[in-house]
1. Listed residues TYR488, TYR410; which is in the same structural domain as GLN515 (by TED's automatic domain parsing), in contact with a strand residue (DSSP E or B) (Cβ under 6 Å, 6 or more places away or on another chain) and without any contact (Cβ under 8 Å) to a residue 60 or more places away in the chain?
2. Please specify each residue of the stretch 125-134 satisfying the condition of being within 18 Å of ILE182 (Cβ to Cβ) and either among the hydroxyl-bearing types (Ser, Thr, Tyr) or without any contact (Cβ under 8 Å) to a residue 60 or more places away in the chain (or both).
3. For residues that are closer than 17 Å to PRO507 by Cβ and part of a strand (DSSP E or B), tally how many sit in the stretch 522-542.
4. For residues in the stretch 161-202 being more than 23 Å from the chain's Cα centre (by Cα) and in a loop (DSSP other than H, G, I, E, B), which is nearest to TRP374 (Cα to Cα)?
5. Can you name every one of the helices (runs of 4 or more DSSP H) wholly within the stretch 235-352 that holds 2 or more residues which are in contact with a Gly (Cβ under 6 Å, 6 or more places away or on another chain) and surrounded by 23 or more Cβ atoms within 10 Å (Cβ to Cβ)?
6. Pick from the stretch 88-129 the residues that are among the aromatic types (Phe, Trp, Tyr) and not in a helix (DSSP H, G or I): which of them is farthest from ILE212 (Cα to Cα)?
7. State which residue pairs qualify: first residue in the same structural domain as LYS463 (by TED's automatic domain parsing) and inside the stretch 191-205, second residue surrounded by 13 or more Cβ atoms within 10 Å (Cβ to Cβ) and not in a helix (DSSP H, G or I) in any location, beta carbons under 6 Å apart, and separation of 6 or more residues or different chains.
Amino acid sequence: MIRRLILILFISFFLAPGSYSQNTDNDKRLLEIVKQKGEVLVTIPYSDRKSIDVLTRNVSILSADGKTINISLSPITADWFLSQNYSYDILVDSGQKGIVSAASIEQAMDWESYPTYEQYDSIMQSFITLYPSLCKLETIGTSIYGKKVFALKISDNVSSDEDEPEVFYSSTMHGDETGGFILMLRLTDYLLKNYNTSSRVKTLVDNLEIWINPLANPDGTYKTGNIMSSPVRYNANGYDLNRNFPDPVTPNTVKQKETIDMIKFLRDHRFVLSANFHAGVEVVNYPWDRWLSKIHADDSWFLNISRAYADTVHVYSGPAYMNFLDNGVTRGSVWYVVYGGRQDFVTSELQGREVTIELDDIHVTPAAQLSLLWQNNWRSLLGYLENAMYGIHGKTVNLVSSEPVPAKIYITGHDKDSSQIYSDTLTGSFIRMLAPGSWNLTFSAYGYNDTTISDLVLQGRQKMELSVKMKPKTSSIDTTTPQSPALYPNPARSELKALLHNITAGPVNVRIFNQTGMLLRDFKTTAWQGIPVSIDISSLPAGIYSVVFTNINSRAAEHGRFVIIK
């Protein structure tokens with residue numbers, strides 16, 4: 001399905017996978033291309049799903065259409081591929097001939113050419129200079145070669161951490177899939193320029209905290225230089241970053257720097273809705289990528305929002321655009337299984353909701369088609385973000401004190417495979433996006449009676465607001481305002497000490513929660529008067545946490561917050 005790929009070598013007939021490769025010249029040519037360019041594209045005949053599963057565990061599959069499988073090989077996967085003796089053809093992506101570098105920042109910001117890396121840096125800086133009240137710039141991390149991985153926050157009160165849904169767009173974790181890079185820059189520019197003139201834009205910016213990461217793999221796009229010339233899929237170490245995230249079943253053991261930085265950023269923010277942008281085909285791909293036999297609990301919701309993106313595209317594009325598989329939509333594993341992908345990591349571990357949007361049949365969108373890519377997609381980009389404003393929005397609070405309660409929120413008989421959500425530890429806020437229907441939500445928190453609210457009838461594109469008052473389980477001592485322990489060092493790295501008040505000392509239950517209210521630690525220990533409790537936190541990632549100490553006998557409790565730095 002990848003257009004404009006030119007076969008440069010032909011084999012007179014296909015050999016079955018596992019048989020001896022008869023064309024040693026082809027093998028030498030393949031290795032030469034990998035050494036010279038850092039990547040080579042090949043195609044092999046489609047066989048069966050079992051064979052594809054072996055492939056996807058070892059190399060990066062680009063596309064499978066039932067007849068052929070298109071594969072990208074890097075310096076660290078080429079030898080394995082050749083050892084399997086597949087019959088293959090080598091492909092050259094002629095789309096890279098469409099790269100036109102901007103001569104200036106002004107030209108780059110016409111969005112019809114590709115910026116240099118320095119121009120990209122300057123463009124991101126210019127946004128915060130021109131719109132200081134609407135945006136701020138953060139650095140997720142740096143690449144192997146030291147290039148910055150930027151994220152821009154757009155919000156009406158951008159300097160404040162408001163109690164609003166956080167959403168995230170990220171592009172080009174495959175360095176040679178470049179159309180989304182420009183699309184994200186242009187979307188940023190559009191949101192900022194039109195805040196005061198477009199009611200739709202203003203509603204988004206006023207009600208959401210929008211984060212945009214235009215370029216997740218700068219080394220793949222620019223390598224060691226400043227000009228985009230021969231971008232590749234992989235990072236500088238030859239790894240596919242979209243096969244490098246923790247797998248829900250068999251976590252990867254090798255994590256690249258860019259992945260580690262991105263994981264920390266994602267864990268810190270816990271985005272309720274996100275999308276990452278790619279190219280190679282034209283389709284909206286939703287979870288699960290990892291499992292063919294499992295269906296996400298909110299599969300119908302995922303299908304609805306994916307269908308809405310593609311159908312909106314169809315209204316404003318030509319008939320041939322974004323019509324791959326089910327007219328531009330697929331559940332990922334139905335297409336082919338992916339291990340270590342980002343969308344499944346976000347959706348499984350972080351209880352977020354993420355899709356993968358493939359924007360173009362060509363990896364490197366020719367500069368001449370960048371404006372068309374924008375015209376085809378910008379309305380869908382806005383519409384996708386609007387999904388975070390729908391569904392059930394609410395807060396979980398203590399019935400007596402009205403203090404926020406970190407609670408697990410789930411639907412009995414519906415939720416499975418980590419599809420439940422959690423209310424925020426600090427605010428008690430939650431958002432559950434659901435397909436239209438009648439729903440029964442259960443709220444569960446330590447020390448509180450479970451609360452179920454039944455028959456919540458949700459319409460499409462509707463926001464329902466809910467206040468959930470949770471009743472403490474036991475005596476009046478539980479309803480008093482908890483004291484705060486002395487926590488030190490704070491920030492901490494590997495060990496935290498807590499000096500408790502005398503009323504709490506004795507046998508205590510210790511619970512540690514992350515920012516979204518997920519319970520990470522739950523254990524018992526003894527707190528002696530005047531002697532601090534030591535807690536090993538070396539296995540927890542950097543971030544902000546809450547800790548609650550509860551005397552097992554008296555139920556006296558105190559809680560505090562601490563920060564971990566690495």
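The values are calculated or read from the model by the stated rules, or taken from the named source; none is laboratory data. What you are looking at is a predicted structure, and each value in this text was computed from that prediction instead of being measured. Glycine also receives a Cβ, built like all others from the backbone with ideal geometry; neighbour counts cover every protein chain displayed.
1. Numbers: TYR410 fails: in the same structural domain as GLN515 (by TED's automatic domain parsing).
Among TYR488, TYR410, only TYR488 is in the same structural domain as GLN515 (by TED's automatic domain parsing), in contact with a strand residue (DSSP E or B) (Cβ under 6 Å, 6 or more places away or on another chain) and without any contact (Cβ under 8 Å) to a residue 60 or more places away in the chain.
2. First pass over the stretch 125-134, keeping only residues within 18 Å of ILE182 (Cβ to Cβ): 125-127.
Listed by number, the residues that qualify are GLN125, SER126.
3. Step one: filter the stretch 522-542 for residues closer than 17 Å to PRO507 by Cβ, giving 522-535.
Then drop every residue that is not part of a strand (DSSP E or B), which leaves 522-527, 533-535.
So the answer is 9.
4. ASN194
5. Working: elements: 257-269, 299-316, 324-327, 332-335, 342-349.
Output list is empty.
6. So in the stretch 88-129, the residues among the aromatic types (Phe, Trp, Tyr) come out as 88, 111, 114, 117, 120, 127.
Then drop every residue that is not not in a helix (DSSP H, G or I), which leaves 88, 111, 114.
Numbers: TYR88: 38, TRP111: 16, TYR114: 18 Å.
The extreme case among them is TYR88.
7. Pairs that qualify, where the first residue is in the same structural domain as LYS463 (by TED's automatic domain parsing) and the partner is surrounded by 13 or more Cβ atoms within 10 Å (Cβ to Cβ) and not in a helix (DSSP H, G or I): there are none.
Table: residues versus (1) of a type in the set (S, T, N, Q); (2) in the same structural domain as ILE154 (by TED's automatic domain parsing).
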{"residue": "PHE81", "(1), (2)": "no, no"}
{"residue": "ASN85", "(1), (2)": "yes, no"}
{"residue": "VAL92", "(1), (2)": "no, no"}
{"residue": "ALA108", "(1), (2)": "no, yes"}
{"residue": "PHE127", "(1), (2)": "no, yes"}
{"residue": "LEU134", "(1), (2)": "no, yes"}
{"residue": "LEU137", "(1), (2)": "no, yes"}
